[in-house]
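Here it is, the structure, as structure tokens.
What follows is calculated from the coordinates using simple rules that are stated; it is not laboratory data. Since we're looking at a predicted model, the values are computed, not measured. Reconstructed Cβ throughout: ideal geometry from the backbone, glycine too, with neighbour counts over all protein chains shown.
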Ligand code: SF4
């Protein structure tokens with residue numbers, strides 16, 4: 001096995017092509033499901049259960065972080081009405097990457113990254129700029145090398161649930177309104 005890297009995972013579908021790429025690049029990803037932004041709790045658990053399918057498929061370890069939506073709401077306070085991709089999302093990336101950096105330190109894993117860059121709807125530069133605040137963050141733009149399309153193909157093959165909104169209640173409302 002290759003060098004361990006802690007992979008922050010936002011959902012099962014985005015983890016598929018990210019894991020595939022890290023394995024191709026010689027890493028051994030440890031999956032960290034840390035997504036207090038997801039609401040409600042049932043949706044958080046549904047996305048986690050999907051990740052377990054991916055982990056079993058690739059034979060990888062998964063670590064489940066606590067769901068602390070109240071703390072996440074505090075972190076984005078004042079930005080509830082922001083449009084998706086605005087400042088609330090940058091604060092959200094920062095929140096989850098801070099927890100991942102802390103977990104990597106605790107586990108003695110030198111490098112970490114995130115599946116958030118798979119989505120073609122998310123600006124990878126914004127994610128990298130939040131990650132740069134933490135030692136050990138590695139820039140992987142997983143949507144590159146056809147990563148987004150590959151995640152759709154792999155998700156179909158594994159029969160994964162693909163949600164129609166990003167994760168928080170504010171993104172749900174925005175998606176429902178369109
Ligand atoms: S829309 Fe997505 S990235 Fe933005 S704050 Fe909500 S959960 Fe986080």
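Sorted by average packing, counted as other Cβ atoms within 10 angstrom per residue and highest first, what order do 94-101, 130-137 take?
94-101, 130-137
Full-extension gain between residue 61 and residue 45, please, as 0.36 nm times their residue separation minus the C-alpha to C-alpha distance.
Full extension of this stretch gives 4.1 nm more.
For the chain, what's the relative contact order in percent, using C-alpha pairs closer than 8 Å and at least 6 residues apart?
Result for the chain is 30 percent.
As a test of the formula, what do you get for the chain when each DSSP H run with n ≥ 4 contributes -39,500 (n - 2.57) and the sum is divided by the residue count, at 222 nm and rounded to the nearest 500 deg cm²/dmol?
Value at 222 nm, helices only: -15500 deg cm²/dmol.
Using the Cα atoms of segment 3-177 to build a convex hull, what is its mean projected area in square nanometres?
Average projection, Cα convex hull of segment 3-177: 9.2 nm².
Next question, about the same structure. Using 0.36 nm per residue of separation minus the Cα-Cα distance, give me the extension gain between residue 175 and residue 87 in nm, one decimal.
Extra length available between residue 175 and residue 87 comes to 29.9 nm.
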